[in-house]
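Chemist: Shown below is the structure under consideration.
The values are calculated or read from the model by the stated rules, or taken from the named source; none is laboratory data. From a predicted model like this one, the values you see are computed outputs, not experimental measurements. Neighbour counts run over all protein chains shown; Cβ positions are idealised from the backbone, glycine included.
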Amino acid sequence: MAEEWHLVASTDDIEEEDVLGVNVEGTAVAVYNVKGEFYATENVCTHAFAFLSEGIVIDDIIECPVHQGRFHIPTGKPKGAPVSVALDTYATKVENGKIYVRLKGEGDP
Amino acid sequence: MEAAAANPETQKLTSPEANAKLLAAQREIISRGRLKPFTKRTDRHGLIYLGGHMSIIFGTGYLVYLATGTGWLIPAISLHGVVLGHLFAPMHECSHGTAFRTRWLNETVHWITGILVVWPPTYFRELGKDPQFVLPSPSSLMDYVYYVTATQLWIKNIGWILRHSMGRIRPFNRQFVPEDQLPKIFLEARVMLAIYAGLAVVSVALETWAVAIYWAIPTVIGVPVARALRVADHTGCTEGKLDLRTYARTVKTDPLTRFLCWNMPYHCEHHLAPSVPFHALPALHAEVGHEMNSVEKGYWAVQWDVLRDHLERKFRFRLVQSI
């Protein structure tokens, strides 16, 4: 599959220590600003299916708004109960103040 | 993606649609932008409250020591028990991960307070998905007595610990626990049981009543007070309906009670946004409290209202039905 980057937001759209929910080709994606670095994961919590973009960013952790489950943003790994299943993470790049996301599989050899 | 639960009722509560509705209900009252400043986590507030709570426990424990052998022993143990019983508040706050910014600190306090108030901490966190669990709302006078004396709590909690320590779990409760959390919950019960058994063995071996006098007996005496406050936080509210303004009850009370409850009397605000840490609840109340179900008359009056209005009304309703 050809590498496909999707424009999702401007860097100004997401404050530091914050998250924005976007829709990329029908996939709910959460885009994070962690100390000026931008990351993307799936937007739906693996525990009780809430939108993580409604949650709280604490350093490099996203906390689900419903049961306060926590995930490590750069890797998607769960950080203890009640969450136990990792989030999918997506590649990001920033060009000219614009944030791009590449969905899983896109651009893979 | 992992299945959240097998029970259709639970799936209703944990589905994307249910969570979207819950958040939409929150947004009707406060936008994410307005809410965000209240969600900031700190270690400082938790450490101040924990230090204060522990200092009071040591103080009332010292009163028990001074009262031993005198007629003041029962009042001293009762007072000590009320303070110990309120350790449910930090255990509950830590279950949300909001008491401390530093996660290990939060988890350590969650565990220690869970052991002291005999609530399995990891299991407590999982059961937050069960609406009947989070709403201690008696529906009859007998039910009220059952809750407020903490009889229900001891039967339920000790039953959980014993059952889980044997690697078993009730089917109803099982639906709230993801598969990979079961080993943790069983291990947690075994560790708790080992600690309690160890304390009993040491007490017998050393021929000391210290554990009984400074922890076990006061806790049994004091926990009902904390239970009564939690019943007042919910009973007669719009249980099961998704109106976050009236889902619980915020009770204006004295500063000492607020302190020992880690601000849980701002209960309507807590259910509006569980991600808001306890120390920010008074500020959140100042922001949205005018829209919430707040009562000014204190916990004693609310207990009376619960008994008179809610339970009496339900009793009459049942009586009419039976006729």
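Chemist: Could you please let me know if A:Gly21 is more than 17 Å from B:Leu23 (Cα to Cα) and of a type in the set (Gly, Ala, Ser)? Break it down into steps so the answer makes sense when it comes.
Modeler: On the way: more than 17 Å from B:Leu23 (Cα to Cα): no; of a type in the set (Gly, Ala, Ser): yes.
Judged against the criteria, A:Gly21 is not a match.
Chemist: Okay, next question. Got at least one residue in segment B:160-170 being surrounded by 15 or more Cβ atoms within 10 Å (Cβ to Cβ), modelled with pLDDT under 95 and either out of contact with any helix residue (DSSP H, G or I) (no Cβ under 7 Å at 6 or more places or on another chain) or not in a helix (DSSP H, G or I) (or both)?
Modeler: There is at least one residue in segment B:160-170 that is surrounded by 15 or more Cβ atoms within 10 Å (Cβ to Cβ), modelled with pLDDT under 95 and either out of contact with any helix residue (DSSP H, G or I) (no Cβ under 7 Å at 6 or more places or on another chain) or not in a helix (DSSP H, G or I) (or both).
Chemist: Follow-up question, since we're still on this one. State which residue pairs qualify: first residue more than 11 Å from chain A (Cβ to nearest Cβ) and inside segment B:24-52, second residue surrounded by fewer than 13 Cβ atoms within 10 Å (Cβ to Cβ) and of a type in the set (D, E, K, R) in any location, beta carbons under 9 Å apart, and separation of 6 or more residues or different chains.
Modeler: That search, which allows pairs on different chains as well, returns B:Ala25/B:Asp243.
Chemist: I'm checking my understanding of the structure. Among residues of segment B:85-109 that are polar (S, T, N, Q) and within 12 Å of chain A (Cβ to nearest Cβ), which one is nearest to B:Trp154 (Cα to Cα)?
Modeler: In the first step, residues of segment B:85-109 are kept if they are polar (S, T, N, Q); the result is B:95, B:98, B:102, B:106, B:108.
Add one more test, that the residue is within 12 Å of chain A (Cβ to nearest Cβ), and what stays is B:95, B:98, B:102, B:106.
Details: B:Ser95: 20, B:Thr98: 26, B:Thr102: 31, B:Asn106: 25 Å.
So the residue we want is B:Ser95.
Let's see how each residue does on (1) within 13 Å of another protein chain (Cβ to nearest Cβ); (2) farther than 30 Å from B:Arg125 by Cα; (3) not in a strand (DSSP E or B):
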residue: A:Ala9; (1), (2), (3): no, yes, no
residue: A:Asp12; (1), (2), (3): no, yes, yes
residue: A:Leu20; (1), (2), (3): yes, no, no
residue: A:Asn23; (1), (2), (3): no, yes, no
residue: A:His47; (1), (2), (3): yes, no, yes
residue: A:Pro65; (1), (2), (3): yes, no, yes
residue: A:Pro74; (1), (2), (3): no, no, yes
residue: A:Ser84; (1), (2), (3): yes, no, yes
residue: A:Thr92; (1), (2), (3): no, yes, no
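Chemist: Still on this model: Being more than 14 Å from chain A (Cβ to nearest Cβ), hydroxyl-bearing (Ser, Thr, Tyr) and touching a Gly at 6+ places or on another chain (Cβ under 9 Å) is the filter here, so list the residues in segment B:257-294 that pass it.
Modeler: Across segment B:257-294, the qualifying residues are B:Thr257, B:Tyr266.
Okay, residues lined up against (1) farther than 14 Å from A:Ala30 by Cβ; (2) of a type in the set (Gly, Ala, Ser); (3) surrounded by fewer than 21 Cβ atoms within 10 Å (Cβ to Cβ); (4) at pLDDT 95 or above:
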| site | (1), (2), (3), (4) |
| --- | --- |
| A:Asp59 | yes, no, yes, no |
| A:His72 | no, no, yes, yes |
| A:Gly80 | yes, yes, yes, no |
| A:Ser84 | yes, yes, yes, no |
| A:Thr92 | no, no, yes, yes |
| A:Val101 | no, no, no, yes |
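Chemist: It is to be established whether one or more residues within segment B:58-79 are assigned to a helix (DSSP H, G or I) and within 14 Å of chain A (Cβ to nearest Cβ). Reasoning before the result, please.
Modeler: Within segment B:58-79, the first condition is being assigned to a helix (DSSP H, G or I), and the residues that meet it are B:58-67, B:73-79.
Next, from what is left, pick out any that are within 14 Å of chain A (Cβ to nearest Cβ): none.
No, every residue in segment B:58-79 fails to be assigned to a helix (DSSP H, G or I) and within 14 Å of chain A (Cβ to nearest Cβ).
Chemist: Something else: Looking at (1) closer than 30 Å to B:Asp243 by Cα; (2) within 14 Å of chain A (Cβ to nearest Cβ); (3) among the β-branched types (Val, Ile, Thr); (4) out of contact with any Ser or Thr (no Cβ under 7 Å at 6 or more places or on another chain), which one does B:Val145 not meet, given that it meets all the others?
Modeler: (2) is the only condition that B:Val145 fails.
Chemist: If you don't mind, there's one more thing I want to ask. Can you name every residue in segment B:288-304 that is in a helix (DSSP H, G or I), surrounded by 17 or more Cβ atoms within 10 Å (Cβ to Cβ) and not β-branched (Val, Ile, Thr)? Give the derivation first.
Modeler: First, the residues of segment B:288-304 that are in a helix (DSSP H, G or I): B:288-291, B:298-304.
Keeping just the survivors that are surrounded by 17 or more Cβ atoms within 10 Å (Cβ to Cβ) gives B:288-289, B:299, B:302-303.
Listed by number, the residues that qualify are B:Gly289, B:Tyr299, B:Gln303.
Chemist: Quick check on my filter: what residues within segment B:99-113 are buried (at least 24 other Cβ atoms within 10 Å of the Cβ) and in contact (Cβ under 8 Å) with a residue 60 or more places away in the chain?
Modeler: Within segment B:99-113, just B:Ala99 meets the criteria.
Chemist: Restricting attention to segment B:262-274, which residues are farther than 14 Å from B:Ala25 by Cα and either surrounded by fewer than 22 Cβ atoms within 10 Å (Cβ to Cβ) or touching a His at 6+ places or on another chain (Cβ under 6 Å) (or both)?
Modeler: Answer for segment B:262-274, where residues must be farther than 14 Å from B:Ala25 by Cα and either surrounded by fewer than 22 Cβ atoms within 10 Å (Cβ to Cβ) or touching a His at 6+ places or on another chain (Cβ under 6 Å) (or both): just B:Tyr266.
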